[in-house]
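The values are calculated or read from the model by the stated rules, or taken from the named source; none is laboratory data. Nothing here was measured: the structure is a model prediction, and the numbers come from that model. Positions of Cβ are generated from backbone atoms using ideal geometry, with glycine treated the same way; all protein chains shown enter the neighbour counts.
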Amino acid sequence: MVNRKALFRYAFERYGTDADYLWPRYPGYAALRHPGKGGKWYAAIMDVPREKLGLEGEGELDVLNVKARPAQVAALLHEKGFLPAYHMNKVHWVSILLDGTVPLKKIGELLDASYALTQRA
């Protein structure tokens, strides 16, 4: 199963970025940002109650939000393990369930694409 530790290790090895915990009220929410002061986000990971995601069951589930092109977001929403972005623009962002449904390779590809889409010109 893909977990936070694996994602954070991937982001550090690939981009040299660490998770940035910005909200004391939400200690399970972290942003992945481009290097440098005030870098733009390229992903966010959050522990979200299942009911807020429209899922059955109790407890929280980790999700990863990544940016994608609108056509890709629409296509991903037809695949298992993807939901409309939690707390983000639902046209340009998508939430990936970190419950083992989506393999790390695919998550890595989407994280790479999100990083590229959010780079400053």
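Take the range 54-80 and flag every residue that is more than 17 Å from residue 116 (Cβ to Cβ), among the small types (Gly, Ala, Ser) and at pLDDT 95 or above.
Our first condition is that a residue be more than 17 Å from residue 116 (Cβ to Cβ); within the range 54-80, this holds for 54-63, 74-75, 77-80.
Filter once more, so that each one left must be among the small types (Gly, Ala, Ser): 54, 57, 59, 74-75.
Within the range 54-80, 74, 75 qualify.
Which one of these is surrounded by 14 or more Cβ atoms within 10 Å (Cβ to Cβ) and over 13 Å from the mean Cα position of the chain (by Cα): 29, 10, 15? Talk me through it step by step, then tell me what you get.
Values: 29 fails: over 13 Å from the mean Cα position of the chain (by Cα); 10 fails: over 13 Å from the mean Cα position of the chain (by Cα).
Criteria check complete, one pass: 15.
Would you tally the residues in the range 81-96 being closer than 26 Å to residue 16 by Cα and at pLDDT 95 or above?
Total satisfying the criteria: 5.
Could you please give the count of residues in the range 1-39 that are over 23 Å from residue 113 (Cα atoms) and either part of a helix (DSSP H, G or I) or among the hydroxyl-bearing types (Ser, Thr, Tyr) (or both)?
So the count comes out to 1.
Take the conditions touching a helix residue (DSSP H, G or I) at 6+ places or on another chain (Cβ under 7 Å), closer than 19 Å to residue 102 by Cα and not in a strand (DSSP E or B) and apply them to residue 42. Does it pass? Give the steps one after another, and end with the answer.
On the way: touching a helix residue (DSSP H, G or I) at 6+ places or on another chain (Cβ under 7 Å): yes; closer than 19 Å to residue 102 by Cα: yes; not in a strand (DSSP E or B): no.
The answer is no for residue 42.
For the condition assigned to a helix (DSSP H, G or I), closer than 16 Å to residue 2 by Cβ, out of contact with any strand residue (DSSP E or B) (no Cβ under 6 Å at 6 or more places or on another chain) and acidic (Asp, Glu), what is the one hit in 79, 109?
109
This table checks each residue for (1) among the hydrophobic types (A, V, I, L, M, F, W, C); (2) within 12 Å of the chain's Cα centre (by Cα).
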{"position": "61", "(1), (2)": "yes, no"}
{"position": "70", "(1), (2)": "no, no"}
{"position": "76", "(1), (2)": "yes, no"}
{"position": "95", "(1), (2)": "no, yes"}
{"position": "98", "(1), (2)": "yes, yes"}
{"position": "119", "(1), (2)": "no, no"}
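Taking residue 51 and the conditions (1) closer than 13 Å to residue 111 by Cα; (2) surrounded by fewer than 13 Cβ atoms within 10 Å (Cβ to Cβ); (3) touching a Gly at 6+ places or on another chain (Cβ under 9 Å), which numbered condition does it fall short on, given that it satisfies the others?
Only one criterion is unmet by residue 51, namely (1).
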